[in-house]
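The values are calculated or read from the model by the stated rules, or taken from the named source; none is laboratory data. This structure is a prediction, so every number in the text was calculated from the model and none was measured. Backbone-built Cβ (ideal geometry, glycine too); neighbour counts: all protein chains shown.
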Amino acid sequence: MSHHIVQADNLNYTYPDGTIGINNISFKITHGESVALVGANGAGKSTLLLHLNGCLISTQGEISIGDYPLNKKNIKAVRRSVGMVFQNPDDQLFMPTVFDDVAFGPINLGLPENQVEQRVTHALETVGATHLINRPPYKLSGGEKRAVAIATILACSPDILVMDEPSSNLDPLSRRRLIKLLKSFEHTKIIATHDLDMALDVCQRTIVLHKGKITADGPTISIFNDEELLARSGLEKPLGMQECPICKKNNPKNQILFYNKKPR
Amino acid sequence: MNTIEKNLFDIRYMDTLASKNTSLHRLDPRAKLITTLMFIAMVVSLGKYEISRMIPFIIYPMVMIISAELPFLYLLKKMILVAPFAILIGIFNPLMDTTPLVHLGSVSITGGWISFFSIMMRFSLTVSAALILISMTGFNGVCMALEKMGVPQPFVVQLMFLYRYLFVLIEEGAKMLRARSLRSFDSKGLGFKYFISLLGQLLLQTLDRAQRIHLAMCCRGFDGHIPINRPMKFGYKEIRFVLIWSFIFILTRSYNLPVKIGEIIAGIL
């Protein structure tokens, strides 16, 4: 299946007010890859993500999902295969109950009623939120909202998952649960995040953005070991790879773990 | 906690009430909606001096509050909150209409006062019926009933979105107010001028959010139609509920029950 390939060629986007969002971006992400998109605030991560399913159309260059370049004609098909989880779950959960919200996508896909229900239960089971099915979204906690927001996308069974800051505003345990969940997905994943430790856990490949341009694209571990590159891009080493603040030693176990980690 | 947030929790409390499980809660929302509309139409159609004929209508909200186990004081507070609007409408009646209508001994009551009380009665009856409807059915239940009864979907969806994002908007507004009060240190914090920019800010944020929600909807295949259909059953119980109450309403509307009862009692004596 070539549906799962995401390719960008010289992508440019300038906002109507003249702010440059992204500048000459090219990459190719293949089937099953898990890619972290990192960069300082305002580096263009969210802008780039919005291009992946046609929420924004580039001013120059093109993006292809599968074998076809994205355009207004195939935008519906593309949105079927690219599922996007927004940064703020409140933007994503707009229906009166969790059930309605998760069912929104499948119903729009034209599935029959019994299949819609199946999809909803399955998606909610996957994220561990079955018990919330009849609750109104505004009554959920932050972690619950995030889980349901992910379920709304899973219910559409996309090939490619695009997420904007999935671990922001989560407590440590919910964050850990999210990481486990993300690791269990076999989709192609593109995750924009500031949580470099999560990127290290979930993604084998990292793309670093700075001021709308790609400054590095490669294996996560080698990028996070390049302190000069990180500093240049407004980032720093993930905490898990830094020395211990109390004993001032590198955790030897960590080092071995990180350096010997084989890409899956 | 400031008053806005308190009110927010108060509105949410209505949803909690709606999730109770009494026989009235289980009724099809359409039955309750039809009955409520019927009740309001009957009460509103009474003449402006007919206070005595309005009194028997109290039976409907009372029976509903008791059998749906709704908290009377909570509903009363909500009614008092909107009472100023009704008072404002009726307050000039006593000044304009000074023809005496009723004489109690040496005290005569003018038509203005009677019509003022009739406005207040009508207000209390209709508003309490609406509040009871929402506390028994939930706002979304009412919306779905409207859709099933043929109200155009765009209107219904507007209402549902309004209700969903009311909470988000209030929360955002409350956060701004808190940020303002924390840095205004007991002074008035730049006063009224400040509120204009605060409102502007809130509007811009709302526009941004609307755009993001629209994108999120498009990402999941939105094509102008929102699926809110739910299987609803209008069965024997619902028909009975609507018929019995409609009968009572028509009866109280057509006959002046307090007078009739008075005549019967006087006849016996």
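B:Ser106: touching a Lys or Arg at 6+ places or on another chain (Cβ under 6 Å) and more than 30 Å from B:Ile226 (Cβ to Cβ), yes or no?
no
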Exercise. Kindly indicate whether A:Gly128 is farther than 30 Å from A:Ile22 by Cα, more than 14 Å from chain B (Cβ to nearest Cβ) and either surrounded by fewer than 19 Cβ atoms within 10 Å (Cβ to Cβ) or not acidic (Asp, Glu) (or both).
Key: yes
Exercise. Go through (1) part of a helix (DSSP H, G or I); (2) modelled with pLDDT of 85 or more and name the single condition B:Phe167 misses.
Key: (2)
Quiz item: Given the conditions (1) at pLDDT 85 or above; (2) within 14 Å of chain A (Cβ to nearest Cβ), and given that B:Phe241 satisfies all but one, which numbered condition is not satisfied?
Solution: (2)
Exercise. Filter region B:87-137 down to residues that are small (Gly, Ala, Ser) and without any contact (Cβ under 8 Å) to a residue 60 or more places away in the chain, then give me how many there are.
Key: 6
Quiz item: Can you name the residue in region B:8-51 that is of a type in the set (Val, Ile, Thr), within 18 Å of B:Thr137 (Cβ to Cβ) and over 15 Å from the mean Cα position of the chain (by Cα) and, of all such residues, is modelled with the lowest pLDDT?
Solution: B:Thr16
Quiz item: Within region A:36-92, how many residues are part of a loop (DSSP other than H, G, I, E, B), within 24 Å of A:Lys183 (Cα to Cα) and within 13 Å of chain B (Cβ to nearest Cβ)?
Solution: 5
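In contact (Cβ under 8 Å) with a residue 40 or more places away in the chain, surrounded by 21 or more Cβ atoms within 10 Å (Cβ to Cβ), within 19 Å of the chain's Cα centre (by Cα) and within 30 Å of B:Pro231 (Cα to Cα): is that true of A:Pro89 in this structure?
The answer is yes for A:Pro89.
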Quiz item: How many of the residues making up region A:173-197 are surrounded by fewer than 22 Cβ atoms within 10 Å (Cβ to Cβ) and of a type in the set (A, V, I, L, M, F, W, C)?
Solution: 5
Exercise. Could you check B:Tyr194 against (1) part of a loop (DSSP other than H, G, I, E, B); (2) modelled with pLDDT under 85; (3) surrounded by 10 or more Cβ atoms within 10 Å (Cβ to Cβ) and say which number it fails?
Key: (1)
Practice problem: For region B:154-173, name all the residues that are away from chain A (no Cβ under 14 Å) and either touching a residue at least 60 places away in the same chain (Cβ under 8 Å) or crowded, with 17+ Cβ neighbours inside 10 Å (or both). | Solution: B:Gly173
